[in-house]
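> So that we are looking at the same thing, I have put the structure below in C-alpha cells.
The values are calculated or read from the model by the stated rules, or taken from the named source; none is laboratory data. Just so it is clear, the model here is predicted, and its values are computed rather than measured. Reconstructed Cβ throughout: ideal geometry from the backbone, glycine too, with neighbour counts over all protein chains shown. Note: accessible area is taken over every heavy atom of the protein model, side chains too, but ligands, DNA and RNA are not part of it. Shrake-Rupley method; radii C 1.70, N 1.55, O 1.52, S 1.80 Å.
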Amino acid sequence: DLKKEGWDDPVLVSGTDGVGTKLMLAFETGRHDTVGIDLVAMCANDVLAQGAEPLFFLDYFATGKLETGIAEAVIAGIAEGCKQAGCALIGGETAEMPGMYPAGHYELAGFDVGAVERTSIIPRMTDMMAGDVLIGIASSGPHSNGYSLIRKVVERAGLSYEDAAPFSNAQSLGEALLTPTRLYSDAALPLIKSGRAKGLAHITGGGLTENTPRMCPDHLAPRIDRDAWIPPAVFDWLQDVGKIETHEMHRTFNMGIGMVFAV
C-alpha cells in the first residue's frame with residue numbers, strides 16, 4: 001500500500017535481468033554465495049536510474065536437480081543483495097527440470113519493482129544544460145558484464161581460478177572475478193530525493209561509451225575525461241593479456257565506474 005507508506009503520487013518502475021556467463025565462474029569455482037548479489041544489483045541499479053527506490057524483488061532459480069547447499073547459498077546471496085538495495089525479497093520460483101542443465105548448473109533471473117514520485121522521475125532532460133557535471137561512482141570490478149571475454153582471457157593466460165589473482169595479492173583469481181556487483185541505493189537515493197541529480201546512468205554492457213549518452217537529451221553529449229580516474233588493476237590485466245584495444249575495453253567493461261550522475 002504505497003499511500004500507507006507515505007507516497008503521494010508514485011509511479012512504479014520495474015527492471016529484470018540475469019547474471020550472464022558470470023555464472024560459469026560460480027560453477028567452476030564451486031562458490032555460489034555472490035551471484036545472488038549480482039542478480040539483485042543488475043535489476044535494482046537499473047530501477048535507480050529512473051529515480052526509483054527499490055521496493056521488492058522476486059527471483060527465478062532453475063536447475064536440473066535441486067542441490068540444497070547450492071540453492072541455499074544462491075538465495076542467501078539474493079537476500080544479502082536485497083538488504084544492500086533496501087528492498088524486500090517477497091517471493092520467487094524454484095524450478096527443477098531434469099535433463100535441462102548439467103549437474104551443478106542452474107539459471108538465475110529476477111526482477112525488481114521500485115517507486116518514484118511523479119515529480120522526481122529522472123532523467124530530467126529539459127533541465128540538463130551544457131556545463132553540467134558528470135560524477136562517476138566507483139565500481140567493485142567488472143560487475144556482471146563482459147564475462148565471456150574474461151573467461152577467454154583467463155584461458156589465454158593459462159591460469160586456473162584457484163591460482164593467485166595476478167592483479168590482487170590477497171585473493172585467488174576466482175574470488176577476485178566473483179566480486180559482486182556494487183549496489184548503489186545508498187549513494188543514489190539521497191541525491192535523487194534532494195533533486196540534485198538530473199540524470200543517472202547505470203554502467204552495464206556497452207560501458208561508459210553507450211550507457212552515459214542515454215540519459216542525455218539529443219542536443220547534448222557527455223564529455224568524459226579518461227584521465228580523471230584510475231581503473232582498477234583487473235582491467236589493466238585483462239587488456240594486457242587479452243590484447244584488447246582501449247575503445248573495446250570501454251565498450252565492454254565499466255572500467256571502474258559503475259554509475260554516473262549528471263548534476
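> Taking the condition of being open to solvent by less than 40 Å² (accessible area, probe 1.4 Å) and of a type in the set (V, I, T), how many residues in the range 93-126 meet it?
Total meeting the criteria: 3.
> Let me ask something else about it. Given (1) open to solvent by less than 60 Å² (accessible area, probe 1.4 Å); (2) closer than 22 Å to G30 by Cβ, identify the lone condition not met by L189.
So L189 meets the others, but not (2).
> Sort out which residues of the range 111-161 are out of contact with any Phe, Trp or Tyr (no Cβ under 6 Å at 6 or more places or on another chain) and on the phi > 0 side of the Ramachandran plot, and write them in order of number.
G131, G141, H143, G158
> Still on this model: Of P180, P222, P217, P231, which residue is assigned to a loop (DSSP other than H, G, I, E, B), within 15 Å of G146 (Cα to Cα) and open to solvent by 10 Å² or more (accessible area, probe 1.4 Å)?
After applying the criteria, what remains is P180.
> A further question on this structure: It is to be established whether one or more residues within the range 57-74 are aliphatic (A, V, I, L, M), surrounded by fewer than 23 Cβ atoms within 10 Å (Cβ to Cβ) and in a strand (DSSP E or B).
Yes, because at least one residue in the range 57-74 is aliphatic (A, V, I, L, M), surrounded by fewer than 23 Cβ atoms within 10 Å (Cβ to Cβ) and in a strand (DSSP E or B).
> Within the range 91-124, can you find the residues that are free of Cβ contacts under 8 Å to residues at least 40 places away in the same chain and either within 19 Å of the chain's Cα centre (by Cα) or not in a loop (DSSP other than H, G, I, E, B) (or both)?
G91, G92, E93, T94, A95, E96
> Filter the range 14-56 down to the residues that are open to solvent by 10 Å² or more (accessible area, probe 1.4 Å) and of a type in the set (D, E, K, R), then identify the one that is farthest from P190 (Cα to Cα).
Looking at the filtered set, the residue picked out is E28.
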